[in-house]
Amino acid sequence: MKFAYKFSNLLGTVYRHGNLNFTPDGNSLISPVGNRVTLIDLKNNKSETLSMATRYSITCVGLSPDGNLAILIDEEGAALLVSLISKSVIHQFHFQKPVRSISFSPNGKKFVITKDKVALMYHAPGKKREFNAFVLDTTYYGAYDETTCIDWTDDSKCFAVGSKDMSTWVFGAERWSNLIYYALGGHKDSIVSCFFEENSLDLYTISQDGALCVWQCDTELNGLKPRMPKQQTEDKEESTEDQEEEFTEEQQGKEVQGKVNENEQESRKKVKYSCAAKYFFNKEGDFNNLTTAAYHKKTHLLVTGFASGIFHLHELPYFNLIHSLRLAWIILND
């Protein structure tokens, strides 16, 4: 008698940590549960746990814009490329160090991960026929401490990276003549989240001590100018400097070296940010750390969670409080 047992579902385990993702249609929720991933059907009140599993607990889940691919990364930096259509593993990869966050570009052509002090941009798998599914495109330096969060502009031209050194860096995903990188400060604690405004370079940055900075850019997205071929060759010569990092199963890509202080002549022709407003969540003195935040660009709604179990719902950019509620005396992670 033959037994052909297959993994069906996982019972008795709950969510502990890791980021949550909604599918593009909004009917399902993808949640890491230990070293596996559970698909929760919100419409039909069903759940399904995928059979593949990582070696350690999953900390980051990246979902492609079309909802067909997902990248699962565990605590040690090991990644699985998973097809949500066939529900099978396509490729395995190891980033060698723990990864804090991962985000696909809105057009689905690139994705960025943050680990250690750098941000790494890769070509998204499935767009080109290549043996290696994870091909490194560019390494972005600039932060002095661990990078924590990522957000893209709607047209995938730029992305922002927050760091524990209280700074936020805006990088160009393509080589623009007026925006290669831009450093933003204004905070006294590590950056928890950063969000671009819809169809704009305007940015919101949120720190762990409950401060929100509203940044306005003097340039529109269509005002970014492509870099000339001559300047591209000069950049390749400048980028070969002493900072190097070892990668496995990947080729060394381009490098962007961010600097806080620039020459006045160089900064004149580039985009500029100014702090339009600064708001604080802990006005009443009931201080507790801000642990997570999410922003819906179309409705301009910001949800923030705190270590005491409280979450707030604000309308931006005027910071109007819509609702607040305490779920329980537990830390809100995502």
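The values are calculated or read from the model by the stated rules, or taken from the named source; none is laboratory data. Bear in mind the structure is a predicted one, so any value in this text is a computation, not a measurement. We place every Cβ from the backbone using ideal geometry, glycine too, and count neighbours over all the protein chains shown. Side chains included, ligands, DNA and RNA excluded: accessible areas come from the protein's heavy atoms. Shrake-Rupley method; radii C 1.70, N 1.55, O 1.52, S 1.80 Å.
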For this session: Can you work out which of the residues in the range 121-142 that are in contact with a Leu (Cβ under 7 Å, 6 or more places away or on another chain) and either surrounded by fewer than 20 Cβ atoms within 10 Å (Cβ to Cβ) or not hydroxyl-bearing (Ser, Thr, Tyr) (or both) is modelled with the lowest pLDDT?
Result: Gly126
Exercise. Mind checking which pairs have a first residue in the range 40-65 that is on the phi < 0 side of the Ramachandran plot and open to solvent by 30 Å² or more (accessible area, probe 1.4 Å) and a second that is aromatic (Phe, Trp, Tyr) and modelled with pLDDT under 85, Cβ under 8 Å, 6 or more apart or different chains?
Worked result: Ser51/Phe7
For this session: Taking the residues in the range 89-120 that are open to solvent by 20 Å² or more (accessible area, probe 1.4 Å) and not in a strand (DSSP E or B) as candidates, determine which candidate is farthest from Leu29 (Cα to Cα).
Result: Lys117
For this session: Mind checking which strands (runs of 3 or more DSSP E) fall wholly inside the range 133-189 and carry at least 3 residues that are in contact (Cβ under 8 Å) with a residue 12 or more places away in the chain and under 17 Å from Gln216 (Cα atoms)?
Result: 158-163, 168-172, 181-184
Exercise. Before we move on, is Ser86 among the hydroxyl-bearing types (Ser, Thr, Tyr) and in a loop (DSSP other than H, G, I, E, B)?
Worked result: yes
For this session: Would you mind telling me which numbered condition in (1) crowded, with 22+ Cβ neighbours inside 10 Å; (2) within 18 Å of Leu63 (Cα to Cα) Cys194 fails?
Result: (2)
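For residues in the range 167-180 being open to solvent by 30 Å² or more (accessible area, probe 1.4 Å) and not basic (Lys, Arg), which is farthest from the chain's Cα centre (by Cα)?
Taking the range 167-180 and keeping what is open to solvent by 30 Å² or more (accessible area, probe 1.4 Å), we get 174-175, 177.
Pick out the ones that are also not basic (Lys, Arg) and you get 174, 177.
Details: Glu174: 17, Ser177: 24 Å.
Among them, the one singled out is Ser177.
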